[in-house]
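Here the structure is laid out as structure tokens; the discussion comes afterwards.
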Amino acid sequence: MACDPYSLALPGIQGLAPYEPGKPIETLAREYGLAPDSIVKLASNENPRGPSPKALEAAQQAVASCHRYPDGNGTELRETLAARHSVEPDAITLGNGSNDVLDLVARTFLAPGRNAVFSRHAFAVYPIVTAIAGAEARVAEPLPSDDPGAPYGHDVDAMAALVDADTRVVFVANPNNPTGTWVDGDALARLLARVPDHAIVVVDEAYAECVEASDFPQAMQWLPDHPSLVVTRSFSKIFGLAGLRCGCAVSSRAIADLLNRVRHPFNVNTAALAAAEAALADEAFMAESVAINSAGLAQLESGFRALGLTPIPSVANFVSVDVGRPGQAVFESLLPRGVIVRPVGGYELPNHLRVTVGTAQENERVLEAMAEVLSA
Ligand SMILES: *Cc1c(COP(=O)(O)O)cnc(C)c1O
């Protein structure tokens, strides 16, 4: 009898759609015979400036001792993060990117018979880690597309209404990817108050450092009162270290203890540990990156409006824009022009494209290429 590995796989994995990463520059260069440095890639919400030069130098130095295992406890980085966030180091869990931490939460708390709650159009990794754990995904309807504050954003009341006795995790992306929308302090406090203690609330703050709105709620303020809260952060976005893979969770010590039991030893490599720490120290570089991002957001949003398109107002480092036709086709027409953006049909936004904020010049290139493609 022939072996069918698909029928042998766990049920949640049989139906799983893998995460679709942004198209790499090298792949496009090969496909169209383009020079790699002529290509503008605004597809994966990376920092167009790269990392802090100090972080790069720290990583390069760290590589010299790559014959040694990394510090499996990430001692120094956890101490630095703890001081920054006013918690103890044993409240921190390090991950190989924050995706790793999201997976640790799912593997620690989800299983068949349990469920996770998240919003439609929320980050793609939530359904993936939920399915791998064999848990049920309960998807809340988002705010309406014409909501004045956060079109397509999280409706925390709809999310809270889906929580039941079997819910163990609620995922909130704040700001959310791919919508760029955010949940304000009142809404987040309401959600935390309504979710019972048997469900872990994960507030995924991968883009929190980008947000300049003064009333954006830093979820860590609720940690002392909410023992089931987990806040995740990433070094991949504004810190410019996506290729090194580093992220973290900040939580109660009990949750951190559990996540650290499940965590693979040495999940964060030597170069990433060193670079992350140096990146945190370079506050001037961060402040410049945030300022450049905010200017770029405004440039993209007004550029899209000038093309007659409707962007979703964003506070992150990307804008999703309704292009009034299938986004996949526009994405493909942009490729031969050396422009890579991100179609978001997989997020149930088939007529939107997600464009990462680049340098002023890169933003201009994308807007010009889109003008050509949309008028063709
Ligand atoms: C990019 C992203 C992450 C994870 O990034 P890592 O590279 O794994 O740190 C997490 N959450 C959201 C919402 C993201 O967009």
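Give, rounded to the nearest 20 debye, the magnitude of the charge dipole that segment 237-376 has about its Cα centre when Lys and Arg contribute +1 at Cβ and Asp and Glu contribute -1 at Cβ.
The calculated dipole for segment 237-376 is roughly 480 debye.
Net charge near residue 208: determine it from the other residues with C-beta under 12 Å of the C-beta of residue 208, scoring Lys and Arg +1 and Asp and Glu -1. Display every interim value, and only then the final one.
Working: positive: 233, 237; negative: 204, 205, 209, 212.
Taking every other residue near residue 208 into account, the sum is -2.
Any idea of the accessible area per residue across segment 288-337, 1.4 Å probe, to the nearest Å²?
39 Å²
Relative contact order for the chain using alpha-carbon pairs under 8 Å, separation at least 6, rounded to a whole percent?
For the chain, the relative contact order is 23 percent.
Across segment 169-311, how large is the tail of the calculated P(r) beyond 28 Å, expressed as a percent of all Cα pairs?
Of all Cα-Cα distances in segment 169-311, 28 percent exceed 28 Å.
Counting pairs of alpha carbon atoms under 8 Å apart in space and at least six apart in sequence, what relative contact order in percent does segment 1-158 give?
Relative contact order of segment 1-158: 19 percent.
Hey, quick one: spin label on residue 65, modelled 7 Å out along Cα-Cβ, who in segment 269-283 has an amide N within reach, i.e. under 11 Å?
270-271, 274
List the lysines whose Cα lies under 19 Å from the Cα of residue 23, skipping any in the same chain that are fewer than 8 positions away.
The reachable lysines, counting only those whose Cα sits under 19 Å from residue 23, are 41, 237.
If you average the sequence gap of Cα pairs under 8 Å that are 6 or more apart and divide by the length of segment 66-216, what percent do you get for the contact order?
Details: 231 pairs, mean separation 28.2, N = 151.
The value is 19 percent.
What does the charge count near residue 246 come to, summing +1 for each Lys or Arg and -1 for each Asp or Glu among other residues with Cβ under 11 Å from its Cβ?
0
Could you calculate the FRET efficiency of residue 283 with residue 197 from 1/(1 + (r/R0)^6), where r is the beta carbon distance between them and R0 is 30 Å, rounded to 0.05?
Efficiency, rounded to the nearest 0.05: 0.25.
Can you list, largest first and rounded to whole Å, the semi-axes you get for the chain by taking the square root of 5 times each eigenvalue of its Cα gyration tensor?
31, 26, 22
What full-extension length gain, to one decimal in nm, is calculated for residue 20 and residue 329 as 0.36 nm per residue of separation minus the Cα-Cα distance?
The span from residue 20 to residue 329 would gain 109.6 nm if fully extended.
Taking the chain as a Gaussian network, where each spring joins two C-alpha atoms under 10 Å apart, which residue of 198, 154, 352 fluctuates the most?
198
Can you give the charge dipole size of segment 102-218 about its Cα centre, rounded to the nearest 20 debye, using +1 on the beta carbon of Lys and Arg and -1 on the beta carbon of Asp and Glu?
Dipole size: approximately 520 debye.
Within segment 246-286, whose backbone N sits under 13 Å from a point 7 Å along Cα→Cβ of residue 76?
Label zone hits: 270-281.
Given Cβ point charges of +1 (Lys, Arg) and -1 (Asp, Glu) and nothing else, what value in debye, to the nearest 20, does the dipole of segment 119-186 about its Cα centre take? Display every interim value, and only then the final one.
Details: 3 positive and 10 negative charges, 70 e Å.
Computed charge dipole of segment 119-186: roughly 340 debye.
Tell me, what is the FRET efficiency for residue 257 and residue 376 to the nearest 0.05, using R0 = 45 angstrom and their Cβ-Cβ distance as r?
0.20
Using only the Cα atoms, what convex hull volume per residue in Å³ does segment 106-225 have?
Here the figure is 99 Å³ per residue.
Give the Debye-formula value of log10 I(q)/I(0) at each listed q (0.17 Å⁻¹), with one equal scatterer per alpha carbon of segment 76-149, two decimals each.
One equal scatterer on each Cα of segment 76-149 leads to -0.78.
What FRET efficiency comes out for the pair residue 31/residue 291, r = Cβ-Cβ distance, R0 = 30 Å, nearest 0.05?
0.30
Report the net charge of residues surrounding residue 278, where surrounding means a beta-carbon distance below 12 angstrom and charges are Lys +1, Arg +1, Asp -1, Glu -1.
Here the count lands on -4.
Using the basic label-point model (7 angstrom from Cα toward the beta carbon), what is the residue 264 to residue 214 distance in nanometres?
4.5 nm
The values are calculated or read from the model by the stated rules, or taken from the named source; none is laboratory data. Fair warning: this is a prediction, and the values are worked out from it, not measured in the lab. Cβ coordinates were reconstructed from backbone atoms using ideal geometry, including for glycine residues, and neighbour counts include every protein chain displayed. Heavy atoms of the whole protein, side chains included, go into the accessibility calculation; ligands, DNA and RNA do not. Shrake-Rupley method; radii C 1.70, N 1.55, O 1.52, S 1.80 Å.
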